[in-house]
Amino acid sequence: TGCRGTQGPQEVTSSKVEIGPLLPRDAARCAAIESLLFAGDSPWPAQAFRAEISTPHNHYFAVRDGDDLVGYAGISVLGPAGDHECEIHTIAVAPEHQGHGHGRGLLAALLEIADTRRAPVFLEVRTDNEAAINLYRRNGFEIVGTRKGYYQPSGADAYTMRREQRSAPPEGGRP
């Protein structure tokens, strides 16, 4: 799977917005957002979200505006303890909620998982998704390769990006 996108620099503007765990009951809403954002690139069905959420080495987050799920993100922690690496699966924000910092907040939650394990982080992103590429670069990612025809069925290329391992975040806060 690849990290398929989010918006660029943003601010969280609603006091009701919170990031927390993505729950199995959120799978249908995630699939609906997927179908809006990734229609040409095999959007995940609800069943795929339920499977990913229930896998022990995965960590999925939701951003909610009140009771409304407006975005989600997931990361896997791979490898043996002491030698972990992480792979970001996806970051997505519903179109009507983009531009408010939700993608940046979700990315911070994912990176906190990696930093706690002092693990490097990998992701794939469409080569034409400049907003997401810029967000990742601002967070220490570098392009390390290109995967031709990675996204199907569109055939769009993806960059593989990597962020080197970092130390655990300070107690009580995100980096």
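Worth pointing out:
- Using the rule -39500 (n - 2.57) for each DSSP H run of four or more residues, divided by the residues of the chain, the 222 nm mean residue ellipticity is -7500 deg cm²/dmol.
- Helical segments meeting 20 Å axial Cα length and Kyte-Doolittle 0.5 threshold in the chain (DSSP H): 102-116
- Contact order relative to length of the chain, as percent, for alpha carbon pairs under 8 angstrom and 6 or more apart: 25
- The chain - Debye-derived log10 I(q)/I(0), Cα point model, q = 0.09, 0.12, 0.14 Å⁻¹: -0.28, -0.50, -0.70
- The separation of segment 39-89 from segment 92-110, counted between C-alpha centres, amounts to 14 Å.
- Packing order of peptides 144-154, 113-123, highest average first: 113-123, 144-154 (average count of other Cβ atoms within 10 Å over each peptide's residues).
- Computed extension length for R162-E18: 49.1 nm, one decimal, from 0.36 nm per residue of separation with the Cα-Cα distance subtracted.
- As a rough guide to protection, the peptides 124-132, 33-41 ranked by mean Cβ packing within 10 Å, highest first, stand as 124-132, 33-41.
Quick note: the coordinates plus some simple rules give every number you see, no bench work behind them. Because the structure is predicted, anything quoted here is derived from the model rather than measured. Glycine gets a Cβ as well: all are built from the backbone with ideal geometry, and neighbour counts include every protein chain shown.
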